[in-house]
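One structure is given below, encoded as C-alpha cells.
Laboratory data are not the source of any read-out in this text; all were calculated from the coordinates shown. Given the structure is predicted, the values throughout are model-derived calculations rather than measurements. Because the Cβ atoms are built from the backbone with ideal geometry, glycine has one as well, and the counts that use them run over all protein chains shown.
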Ligand code: NDP
C-alpha cells in the first residue's frame with residue numbers, strides 16, 4: 001500500500017477550503033489509490049469553525065483519509081507536508097488601498113514561507129491560490145530559499161478551465177475535446193487568455209479553435225473579457241466568490257503536476273519566469289506547461305503574434321509593478 005501524502009491547506013475554514021478538503025480526501029487531487037493526511041491551518045478567530053470542518057471530515061468516513069491535523073500554529077501545520085495549497089490570505093475590503101492589501105499578504109506569505117522552509121518536507125510542492133497569487137508566490141519563494149524555485153507555483157488553472165468552458169459552450173463540443181488554451185501572465189484582469197494554439201478534437205480530427213469558432217471578433221473581444229471577468233460575474237450571481245471551481249482547479253493543478261499532463265496536452269501554471277517568450281525573469285508568470293515525473297516545463301516555440309505580444313507585455317508590466325510594491329512593504 002502507498003504511504004500517505006501530507007497535504008497542507010491554509011485558510012482551510014474559508015469558502016475555498018471548505019470545498020477543497022473533501023476533494024483531496026476523496027482522491028480527486030492525488031488519485032483514487034493515494035492515501036492522504038490533511039493538515040488544515042487557519043487563524044485563531046476561525047479556530048472553532050476549522051474544528052467543525054475537521055468533525056465533518058471525520059463524519060464523512062473517507063477511506064483514503066488517514067489523519068487530520070487542524071491547527072492555528074503555522075509550524076505545526078507545515079510539519080513534514082509534501083504538498084502545500086496556500087488558500088489563506090487577507091481579502092481586499094471596501095475602501096482598502098491595493099498597497100494595504102499587499103502589505104498584509106506580504107507579511108502572511110513571509111511568515112508562512114519561513115515555516116515551510118523550516119518544517120515541510122524538503123521536496124514540498126507549493127501552490128499559492130490566495131490573491132495576489134503570483135506575487136504572494138514570489139514572496140514565498142524569497143523567504144523559503146531552500147525550497148527549489150521549481151516547487152513554488154501559483155494558480156491560473158481556474159482561468160484556463162474557464163477558457164476551455166467558454167469554447168465548449170460556444171462550439172457545442174465537449175469540454176474534454178477542447179485543449180491547449182493558454183493563460184499568460186498575472187492572475188488578475190490583465191491576464192491574457194490565448195486561443196491561437198488551442199484545438200478542438202472533432203470527429204474529423206484536431207482542428208484549430210479559430211477555425212471551428214470562425215468568429216475572430218468574438219475570440220479577440222468578448223471571449224477574452226468574459227474569461228477575465230468571470231470571477232466578478234460569479235460574485236454578482238452568488239453573492240460569494242467562486243469556491244467550488246477554484247477548489248476543483250487547484251486539484252487539477254496539483255494532479256497534473258504530480259501525475260503528469262496527457263500526451264499532446266499542456267495546461268497553464270504560474271511559475272518563475274526563465275525569460276521564455278521574452279517575459280522578464282524573476283516574476284511568477286503563467287505559462288503553458290507540460291508536466292512529467294513531478295516537474296513542469298514551459299512549452300517552447302509557440303508563435304506570438306503582434307496582438308498577443310502587446311498582451312503578454314502588459315501583464316508582465318503589472319507583475320513587475322506588483323513586485324516593486326511588495327518589496328516596498330517588506
Ligand atoms: P476564499 O476561500 O473565498 O478565498 C481565499 C483566497 O483565494 C482569497 O485570497 C481569494 O482572493 C482567493 N480566491 C478567491 N477566488 C479565487 C479564484 N477564483 N481564483 C483564484 N483565487 C481565488 O476566502 P475566505 O475569506 O472564505 O477564506 C479565507 C480564509 O483565510 C479564512 O478562513 C481566513 O480565516 C483565512 N485567513 C488566513 C490568514 C492567514 O493565514 N494569516 C489571514 C486572513 C485570512 P480574493 O480575495 O481576491 O477573492
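Per-structure values
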{"quantity": "C-alpha long axis of helix 244-259 to longest principal axis of the chain, angle in °", "calculated": "90 degrees"}
{"quantity": "Between helix 133-142 and the chain: long-axis angle, C-alpha atoms, 0 to 90°, nearest 10", "calculated": "60 degrees"}
{"quantity": "FRET E, pair residue 92, residue 313, Förster distance 30 Å, beta-carbon r, rounded to 0.05", "calculated": "0.70"}
{"quantity": "Gain in span if fully extended, residue 281 to residue 229, counting 0.36 nm per residue against the direct Cα distance", "calculated": "16.0 nm"}
{"quantity": "Where labels lie 7 Å past Cα in the beta-carbon direction, separation of residue 236 and residue 305 in nm", "calculated": "2.9 nm"}
{"quantity": "Choice from 232, 246, 137 with maximal GNM fluctuation in the chain (Cα, 10 Å cutoff)", "calculated": "232"}
{"quantity": "On Cα atoms only, tilt of 157-171 relative to the major axis of the chain in degrees", "calculated": "40 degrees"}
{"quantity": "Rounded if a/c under 1.5, otherwise prolate or oblate - region 5-154, Cα gyration tensor axes", "calculated": "oblate"}
{"quantity": "Nitroxide proxy distance, nm - points 7 Å out along Cα→Cβ at residue 60 and residue 72", "calculated": "2.4 nm"}
{"quantity": "Gained length - residue 259 relative to residue 201, 0.36 nm times residue gap less alpha-carbon distance", "calculated": "18.6 nm"}
{"quantity": "Mean Cβ count within 10 Å, highest first, over the residues of peptides 255-261, 129-135", "calculated": "129-135, 255-261"}
{"quantity": "Counting DSSP beta bridges with both ends in the chain, the antiparallel % (nearest 5)", "calculated": "50 percent"}
{"quantity": "Label-point gap, in nm, between residue 325 and residue 99 - each point 7 angstrom along Cα→Cβ", "calculated": "1.0 nm"}
{"quantity": "Prolate/oblate/rounded label for region 220-330 (Cα gyration tensor, a/c 1.5)", "calculated": "rounded"}
{"quantity": "Convex hull volume per residue in cubic angstrom - Cα atoms of the chain", "calculated": "142 Å³"}
